[in-house]
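The structure under discussion appears below in the form of structure tokens.
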Amino acid sequence: MAKKEEKSKVVLEREYIIPLRKEFQKAPKYKRAKKTIKALKEFLAKHMKSDNIKIGKYLNLKVWEHGIKNPPHKLKVKTEKYDDGLVKAELFGAPVEKPKEEKKKPIKKEGKKEVTPKKEEKKQTEKTEEKTEEKKQPENKPEENKEEKSEEKKEESKETKTEEKKPSEDKKEVKEEKRVLTKT
């Protein structure tokens with residue numbers, strides 16, 4: 001069996017307001033956001049006593065929000081130090097993202113494969129498409145028969161349009177006649 005990954009535990013959790021203005025003023029304007037990130041990491045390395053530092057998504061977005069030339073002057077940061085020495089820093093008040101759970105793959109049975117619902121739907125649509133194509137394709141008959149059928153259909157449609165409204169019994173008879181004509 002595969003070994004289960006042991007989750008590291010949070011050893012230390014702190015919140016800091018980190019001043020950044022003095023640090024990024026030391027760099028030229030076109031490098032200020034980069035210098036801010038370096039200053040963040042240096043501050044956290046000093047205060048959390050670890051060199052393994054990861055900056056969160058929302059903290060990074062906040063630093064780069066106004067471009068490379070205008071980083072924020074100070075940031076409120078929530079930090080967590082794990083027992084393996086890893087320090088994760090995230091913007092204070094940022095939403096917490098849950099780790100994604102791995103989806104279980106269907107178990108293959110001997111001789112037969114399990115089919116997922118999506119695959120079944122695709123197969124059904126393919127079958128219906130094949131049936132409709134078969135219906136659309138005319139049978140292999142001479143072209144004269146086709147012309148005769150189309151003429152008959154035109155005549156029938158003209159007759160039904162010209163006829164006046166009849167009681168429901170007459171309509172049933174007309175429908176039955178159409179069915180008989182279409183079958184032959």
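Here Lys76 passes the criteria (1) in contact (Cβ under 8 Å) with a residue 60 or more places away in the chain; (2) loosely packed, with under 11 Cβ neighbours inside 10 Å; (3) among the basic types (Lys, Arg) except the one numbered (2).
Within the range 1-27, the residues that satisfy the criterion of being of a type outside the set (D, E, K, R), under 23 Å from Lys69 (Cα atoms) and either modelled with pLDDT under 95 or surrounded by 10 or more Cβ atoms within 10 Å (Cβ to Cβ) (or both) are Ile18, Pro19, Leu20, Phe24, Gln25, Ala27. Considering the range 79-93, and only residues there that are hydrophobic (A, V, I, L, M, F, W, C) and surrounded by fewer than 21 Cβ atoms within 10 Å (Cβ to Cβ), the residue that is nearest to the chain's Cα centre (by Cα) turns out to be Leu91.
For Leu44, are the conditions met, namely being loosely packed, with under 12 Cβ neighbours inside 10 Å, among the aliphatic types (A, V, I, L, M) and more than 11 Å from Leu75 (Cα to Cα)? Criteria not met by Leu44. Taking the condition in contact with a Phe, Trp or Tyr (Cβ under 9 Å, 6 or more places away or on another chain) and at pLDDT below 95, does Pro71 pass? For Pro71, the condition - in contact with a Phe, Trp or Tyr (Cβ under 9 Å, 6 or more places away or on another chain) and at pLDDT below 95 - is not met.
The values are calculated or read from the model by the stated rules, or taken from the named source; none is laboratory data. Keep in mind it's a predicted model, so treat the numbers as computed, not measured. No Cβ is skipped: glycine too gets one built from the backbone with ideal geometry, and neighbour counts run over all protein chains shown.
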